[in-house]
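Peer 1: Dropping a structure here in structure tokens format, bear with me for questions.
Laboratory data are not the source of any read-out in this text; all were calculated from the coordinates shown. No experiment lies behind these values; they were computed from the predicted model shown. Positions of Cβ are generated from backbone atoms using ideal geometry, with glycine treated the same way; all protein chains shown enter the neighbour counts.
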Amino acid sequence: MLLLTAAIWGTSFIATKSGAEGMGPFAFNAVRSLIGGIALFPVIFLMNRCPKEKREKEHKKDLFTGGSLCGIALFLAGAFQQVGILYTSAGKAGFITALYVVIVPLFRLFSGKREKLPVWLCVGTSLAGFCLLCMPQIGKIGIGDLLVLAGAVGFAIHILIIDYYVDKADTIKLSCIQFFSCSLAAFFGMFIIDPRLGFDELHMAQIIDCLGPLFYSGIMSCSVAYTLQVVAQKRTNSVIASMILSLESVFAVISGMIFFGETMAFREILGCIVIFCSIVAAQISTTETPLDKKL
């Protein structure tokens, strides 16, 4: 599920880029998140028709608190990343965003949860892979880089919030609430920040022109992918989840090759291989065998 999530996010980069350029980053984020939340209504309706004993146990307080916090974290992460990328290169932004792979275990360390040494080694090698893939040369950190770094912190916090609430609330409803919370916050940003970035007031004509990117990003990237993330994190260590989700950049490169005819240098191909091997090694190192359980 997490691998499929990463693939959807990576391929939706094309839709997100074209849509944000036509509407403004906050306007696009607001509308697509709203579509993502509405798209989950049929799923929730079908789940409510299931026998009560087959449904997940509901905790309304945790549901609304967790959903709102997830939505706010998702909004802040996306906002910092989308604005920051306007002032930095795509390669540097991709590498800096990938730092959430390291930020997640660091935050867990501060909360008293320690990871095994093999996991830390895999985190380090995955970062080396991202360096090969996304950062051809090291430069000075500008305002754009700092904003993207803030976005990486937001994505790490989002993963940890999901990890905390995923067993306390219905996963589909949690995902739905996070989209409406994110959309509401982005609507405020649309009126306050988008004009300062040079984008005109949102009109229906702009939405119609961007319907394709909006629906793909809203339904696939939001409602499908983020819901898969929430469900999958019930069965996956949050550090490993962050590493698998970081494959989004690899799929973005592949989709760029397919749709834009871009080519990959040997260094970039090597980066993909290093990232893939790191994730496989991390999965193996955290999988319990029957002997481990007996011990």
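Peer 1: Only counting other Cβ atoms within 10 Å, I'd like Leu228, Leu247 sorted with the fewest neighbours first. Before the final figure, lay out each step's value.
Peer 2: Working: Leu228 19, Leu247 22.
Listed from fewest to most nearby Cβ atoms, that is Leu228, Leu247.
Peer 1: Helix by helix through the chain, keep the DSSP H runs that span 27 Å or more along the axis on Cα and average at least 1.6 on Kyte-Doolittle, and give those back in order. Numbers along the way, then the final one.
Peer 2: Working: long enough: 60-84 (35 Å, 0.74); 143-165 (33 Å, 1.75); 171-192 (32 Å, 1.58); 266-285 (28 Å, 1.77).
TM-like helix candidates: 143-165, 266-285.
Peer 1: What FRET efficiency would be calculated for the residue pair Ala128, Arg49, taking the C-beta separation as r and a Förster radius of 45 Å, to the nearest 0.05?
Peer 2: Working from the Cβ atoms, E equals 0.40.
Peer 1: Roughly how many debye, to the nearest 20, is the charge dipole of the chain about its Cα centre, given +1 on each Lys and Arg Cβ, -1 on each Asp and Glu Cβ, and no other charges?
Peer 2: Value, rounded to 20: 960 debye.
Peer 1: Could you point to the residue in Ala169, Gln229, Pro42 farthest towards the positive end of the chain's charge dipole, with +1 and -1 charges on the Cβ of Lys/Arg and Asp/Glu respectively?
Peer 2: Positive-end residue among those listed: Ala169.
Peer 1: Measure of size requested: the Rg and Dmax of the range 124-215, with Cα atoms as the atom set and Å as the unit; please supply both.
Peer 2: 18.0, 47
Peer 1: For each of Cys222, Cys210, count neighbouring Cβ atoms within 10 Å of the residue's Cβ, then give the residues from fewest to most.
Peer 2: Details: Cys222 28, Cys210 22.
Final ranking by Cβ density, sparse to dense: Cys210, Cys222.
Peer 1: Among Glu268, Glu248, rank each residue by its count of other Cβ atoms within 10 Å, from fewest to most, as a rough exposure measure.
Peer 2: Numbers: Glu268 19, Glu248 22.
Ascending number of Cβ neighbours within 10 Å: Glu268, Glu248.
Peer 1: Go through Gly212, Ile273, Leu69 and say which Cα lies farthest out towards the positive end of the charge dipole of the chain; charges sit on Cβ, +1 for Lys and Arg, -1 for Asp and Glu.
Peer 2: Leu69
Peer 1: Another question, if that's okay. Roughly how large, in nm² to one decimal, is the mean projection of the convex hull of the alpha-carbon atoms in the chain? Walk me through the numbers before you get to the answer.
Peer 2: Numbers: hull surface 68.0 nm².
Reported value for the Cα convex hull: 17.0 nm².
Peer 1: What's the local net charge at Ala39, with K and R +1, D and E -1, over the other residues with C-beta under 15 Å away?
Peer 2: +2
Peer 1: Amide H neighbours of Gly142 under 5 Å, at least 5 residues apart or on other chains, H built in the peptide plane: list them.
Peer 2: Residues meeting the criterion, in which the H sits 1.01 Å from N, do not exist here.
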